[in-house]
1. Beyond a 26 Å Cα-Cα separation, which of these cross-linked pairs lie in this structure: Lys30/Lys172; Lys88/Lys123; Lys83/Lys201; Lys16/Lys53?
2. Full extension from Asn95 to Arg18: what is 0.36 nm times the residue separation minus their Cα-Cα distance, to one decimal in nm?
3. From the phi angles alone, apply the Karplus equation (6.51, -1.76, 1.60; θ = phi - 60°) to region 120-125 and give each ³J(HN,Hα) in whole Hz, x where the residue is Gly or Pro.
4. Name the residues whose placed amide hydrogens come within less than 5 Å of the amide hydrogen of Thr2, ignoring near sequence neighbours (fewer than 5 apart) on the same chain.
5. If you stretched the chain out fully between Ala113 and Lys53, how much longer would it get, using 0.36 nm times the residue separation minus the C-alpha to C-alpha distance?
Amino acid sequence: MTCDCCGNQLTAYWAKGRNKHYPYYECFNKQCDEHRKTIRKDVLEGAFEALIKQMRPSAGLMSAVAAMFRDIWDHRLQGYEEKRGEQKRAMTGINTTISKLTDRLIETTSPSAIQAYEGKLEKLEAEKALINENITQKQDVGQSFDESFRTAMKFLVNPWNLWSSPNSDTRKTLLKLVFAAPLPYARNQGFRTAKTTSPFKVLGALGDEEKEMAERQGFEPWEGLRPQRFSRPPRSTTPAPLRWAAK
């Protein structure tokens with residue numbers, strides 16, 4: 001957390017009372033107007049927990065996001081299979097060329113031709129090794145979409161699940177995954193606009209579009225305008241036709 005007034009980090013500490021200690025947050029920057037003005041721990045952390053709970057997107061939005069991710073996954077998998085097919089066809093062509101050059105190399109007696117054939121064979125063998133490495137390289141497509149994205153989707157659906165964990169490392173992970181910068185806090189006002197990471201920026205933008213689309217027509221029954229009568233007929237803006245002068 002940072003002080004919204006000066007940008008310095010807030011410091012958590014225990015203040016000694018008559019019979020027990022009390023937890024507070026303060027800004028210890030001497031040049032700050034909020035210097036040594038206490039913020040109760042339950043107030044600040046309660047506001048933070050409320051902020052995390054509000055970052056839960058709607059079920060409809062998450063269904064749309066999951067469908068988008070699945071389409072990207074299927075497109076990537078299809079591209080991977082097409083690339084493997086192209087490389088296998090290239091490997092077949094290289095093997096055919098190597099076989100022909102080898103036959104010519106055996107039949108020729110010219111030193112210059114032998115040297116040229118050997119140079120071509122060396123290049124083809126290098127290309128063959130590179131393609132073979134690409135074909136045999138293991139890709140991260142062994143798991144299904146649901147298996148690969150189960151944890152990520154659970155986190156995006158409800159970040160509160162990570163923060164409610166008793167594990168401090170899990171809570172630190174949430175801070176890194178959700179927020180792109182420390183949160184500015186104004187005493188007696190609360191948190192300012194948080195800088196979130198890319199996934200939550202996208203979800204926020206999609207959520208705003210979803211809200212605008214829902215509110216564009218409104219939630220009240222639509223009623224058309226009734227025709228109105230004018231005391232005088234409206235003035236026409238069409239120019240009058242030209243009249244020919246009588247001869």
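Derivation of every value follows stated rules applied to the coordinates shown; laboratory data play no part. None of these values were measured; they are calculated from a predicted model.
1. Lys30/Lys172; Lys83/Lys201; Lys16/Lys53
2. 19.0 nm
3. 5, 5, 5, 5, 5, 5
4. Result for Thr2 returns Leu10, Leu183, Tyr185.
5. Values: separation 60, 0.36 × 60 = 21.60 nm, distance 7.56 nm.
Taking 0.36 nm per residue and subtracting the Cα distance, the gain is 14.0 nm.
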